1. Give the residues of region 114-139 that are of a type in the set (A, V, I, L, M) and either at pLDDT below 80 or in a loop (DSSP other than H, G, I, E, B) (or both), sorted by residue number.
2. When Asp108 is evaluated against the numbered criteria (1) exposed (fewer than 10 other Cβ atoms within 10 Å of the Cβ); (2) at pLDDT below 85; (3) not assigned by TED's automatic domain parsing to the domain that holds Ala51, which criterion, by number, is the only one it fails?
3. Restricting the search to region 1-52, which residues are of a type in the set (D, E, K, R) and within 20 Å of the chain's Cα centre (by Cα)?
4. Against the definition (under 24 Å from the mean Cα position of the chain (by Cα), farther than 30 Å from Leu6 by Cβ and of a type in the set (Val, Ile, Thr)), how does Val73 come out, yes or no?
5. Yes or no: Leu84 modelled with pLDDT of 90 or more and over 30 Å from Arg3 (Cα atoms)?
6. Does Leu99 satisfy being surrounded by 10 or more Cβ atoms within 10 Å (Cβ to Cβ), part of a helix (DSSP H, G or I) and assigned by TED's automatic domain parsing to the domain that holds Leu17?
Amino acid sequence: MGRPALRVLEFVTSTYLVALLLDYLAYSHGLAAEGSPAVTVWGTARMWSVAGVTLAYLITRRVGVRGWLREVVGLSGGAVVYYLLSPLLAYAALGFYVLVAYPLGLFDFGAYVELVASRLREGGVDLIPDSRRPGFVKP
């Protein structure tokens, strides 16, 4: 096995070990109970554990973090513009779907409106004033 392959194996192993340690601590101390605020802390630590291991690995290998990041990410003006505009692609795809599906009867806005309204009602929000309710009789 070559030197680069050994470094990759070392990095992957250390990343999985840190994740395993975080999972073990969470489950052995009962922190993974649903709805517990500790779940958020554990999830955040678990999510950022790879970034932490990467940073630790770069520091122990005496690699310049800024230079490495600039080399890997290679941010240019065009890349930043495309990065910021990329979420619009999902909205454009949804818009295209609605334009094609609505005339064919495959898309119903009413279902989404009713879903949102029912969730708001469950939360105690009343959307329609009494005077506009069907069958309302003024006292």
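1. Val125, Leu127, Ile128, Val137
2. Unmet for Asp108, out of (1) exposed (fewer than 10 other Cβ atoms within 10 Å of the Cβ); (2) at pLDDT below 85; (3) not assigned by TED's automatic domain parsing to the domain that holds Ala51: (1).
3. Asp23, Glu34, Arg46
4. no
5. Spelling it out, it is not the case that Leu84 is modelled with pLDDT of 90 or more and over 30 Å from Arg3 (Cα atoms).
6. No; evaluated as a whole, the condition is false for this residue.
Conditions (1) within 30 Å of Arg3 (Cβ to Cβ); (2) assigned by TED's automatic domain parsing to the domain that holds Arg3, marked per residue:
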{"residue": "Ser14", "(1), (2)": "yes, yes"}
{"residue": "His29", "(1), (2)": "no, yes"}
{"residue": "Trp42", "(1), (2)": "no, yes"}
{"residue": "Tyr112", "(1), (2)": "no, no"}
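The values are calculated or read from the model by the stated rules, or taken from the named source; none is laboratory data. Because the structure is predicted, anything quoted here is derived from the model rather than measured. Glycine gets a Cβ as well: all are built from the backbone with ideal geometry, and neighbour counts include every protein chain shown.
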